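Accompanying notes for the structure given below.
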Amino acid sequence: MKRQLNILVACEESQAVCRAFRDLGHNAYSCDLFKCSGTKFGTDEAEPHPEWHFDHDITTVLDKTNLTLQNGEQAIIHGDWDIMIGHPPCTFLAVSGAKWMYHPADKGLPIEERRPHPSFPNRKQDQEDGAKFFLFLASAAVKRIAIENPVGIMSSRWRKPDQNIQPYMFGDPYSKNTCLWLKNLHPLHPSKETDDHGERIYFESGKSQPKWYSDGLTKTKTKEERQKWRSKTFPGIARGIAEQWTIQIAAEENIFDEEEWNVLGKDYLKLLDDMTGGIRYSSAKVNKELEKRKYPVHFKKDLLDEIESREQALISYWKNK
């Protein structure tokens, strides 16, 4: 490639996505108010890289007024950010937390008549602050943006996600329905998919939940640790994000050398458009016409296989170069 890509991963202390882009040789940085842990999902391994991490306000990183890294050095960013992947806190936005919004005794009352939950009297304001920050990231002045969150209120507060992905689509034997809102990006496609969707824990009520999620209760000691446990990016998803969007961006920016184009094929972007319908948001403004034309839930297998084959051939070329 003729240059490195500049990658910013917002609200990521585990550095999973940042590390995946770094493995491909890019100028990737994570940013979070927490110091980086570098912890790897499902293991006790930790590989923190403070030299890749901003532990301060994302605003000053986006506009480059403060590029001081956790280790005290200054990051060097030539040109603009090529992409920002945002993981805004989901505690107050996810539908799973709705039960903590109102007083349990008011369950049968109209919403406008319900009192705040006695244990979380500020939950409504926390939700408003969370939605505001989510939209701040989605509206950032970056050419390409991906925002990740679980199913939550932003589907109605802003717009429905462009796609939903699962860890098993990328080789991770787990289940977690994850939403992606995209700007100037093609959706992710399955890569090294597995039929193993992970072990589940079943309750007497008949309900169940993934074991990895349940482990968050038994293997953590504090609320903060549980939040970090459940918000970590699965390694296969991180790999898919880094590989697919690296290739897409490099193709669109025409920064492949001739040999890389020979491996990938110069009709690659056309194949992507054929598979996804060529639909994409280019701003944070809701477009009613685009909302009617959502991405396919399942991609055509022949196109998917061809695109995945070419991408993995290029990844192999890079590794063997």
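A search for C-beta distances below 9 Å between a residue of segment 140-166 that is within 17 Å of V297 (Cα to Cα) and without any contact (Cβ under 8 Å) to a residue 60 or more places away in the chain and any residue that is of a type in the set (F, W, Y) and open to solvent by less than 30 Å² (accessible area, probe 1.4 Å), counting only pairs 6+ apart in sequence or on different chains, returns P161/W181. Of everything in segment 17-47 that is among the acidic types (D, E) and modelled with pLDDT of 95 or more, the residue that is farthest from M1 (Cα to Cα) is D32.
Filtering segment 239-291 to residues that are under 18 Å from A313 (Cβ atoms), free of Cβ contacts under 8 Å to residues at least 60 places away in the same chain and of a type in the set (K, R) leaves K266, K270. Does E128 satisfy being in contact with a helix residue (DSSP H, G or I) (Cβ under 9 Å, 6 or more places away or on another chain), acidic (D, E) and open to solvent by 20 Å² or more (accessible area, probe 1.4 Å)? Considered against the rule, which asks whether it is in contact with a helix residue (DSSP H, G or I) (Cβ under 9 Å, 6 or more places away or on another chain), acidic (D, E) and open to solvent by 20 Å² or more (accessible area, probe 1.4 Å), E128 comes out as no. In segment 93-125, of all residues being within 29 Å of I241 (Cβ to Cβ) and open to solvent by less than 70 Å² (accessible area, probe 1.4 Å), the one that is modelled with the lowest pLDDT corresponds to G97.
Residue under question is G130, and the condition is that it be part of a loop (DSSP other than H, G, I, E, B) and out of contact with any Cys (no Cβ under 6 Å at 6 or more places or on another chain); does it hold? Criteria not met by G130. A count restricted to segment 197-208 and to residues that are among the polar types (S, T, N, Q) and either surrounded by 14 or more Cβ atoms within 10 Å (Cβ to Cβ) or in a loop (DSSP other than H, G, I, E, B) (or both) stands at 1.
Among the residues of segment 155-196, the one identified as acidic (D, E), surrounded by fewer than 21 Cβ atoms within 10 Å (Cβ to Cβ) and touching a helix residue (DSSP H, G or I) at 6+ places or on another chain (Cβ under 6 Å) is E193.
Results for (1) surrounded by fewer than 16 Cβ atoms within 10 Å (Cβ to Cβ); (2) under 24 Å from N6 (Cβ atoms); (3) modelled with pLDDT under 95, shown as yes or no for each residue.
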position: K232; (1), (2), (3): no, yes, yes
position: A242; (1), (2), (3): no, yes, no
position: K270; (1), (2), (3): yes, no, no
position: G277; (1), (2), (3): yes, no, yes
position: R280; (1), (2), (3): no, yes, yes
position: V297; (1), (2), (3): yes, no, yes
position: D302; (1), (2), (3): yes, no, no
position: I307; (1), (2), (3): no, no, no
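Would you confirm, using the coordinates I've provided, whether E258 is exposed (fewer than 11 other Cβ atoms within 10 Å of the Cβ) and either out of contact with any Phe, Trp or Tyr (no Cβ under 7 Å at 6 or more places or on another chain) or basic (K, R) (or both)? In short, yes.
Suppose the filter is modelled with pLDDT under 85 and surrounded by fewer than 18 Cβ atoms within 10 Å (Cβ to Cβ); does K143 pass it? Full working, then the answer.
Values: modelled with pLDDT under 85: no; surrounded by fewer than 18 Cβ atoms within 10 Å (Cβ to Cβ): yes.
No.
Just to check your reading of the model, which residue among T218, T246 is among the hydroxyl-bearing types (S, T, Y) and modelled with pLDDT under 95? Give the derivation first.
On the way: T246 fails: modelled with pLDDT under 95.
Sole residue among the options that is among the hydroxyl-bearing types (S, T, Y) and modelled with pLDDT under 95: T218.
Residues in segment 265-321 that are assigned to a helix (DSSP H, G or I) and in contact with a Lys or Arg (Cβ under 7 Å, 6 or more places away or on another chain): Y268, M275, E291.
The values are calculated or read from the model by the stated rules, or taken from the named source; none is laboratory data. Here the structure is a predicted model, which means the values were calculated and not measured. We place every Cβ from the backbone using ideal geometry, glycine too, and count neighbours over all the protein chains shown. Calculation scope for accessible area: heavy atoms of the full protein, side chains included, ligands and nucleic acids excluded. Shrake-Rupley method; radii C 1.70, N 1.55, O 1.52, S 1.80 Å.
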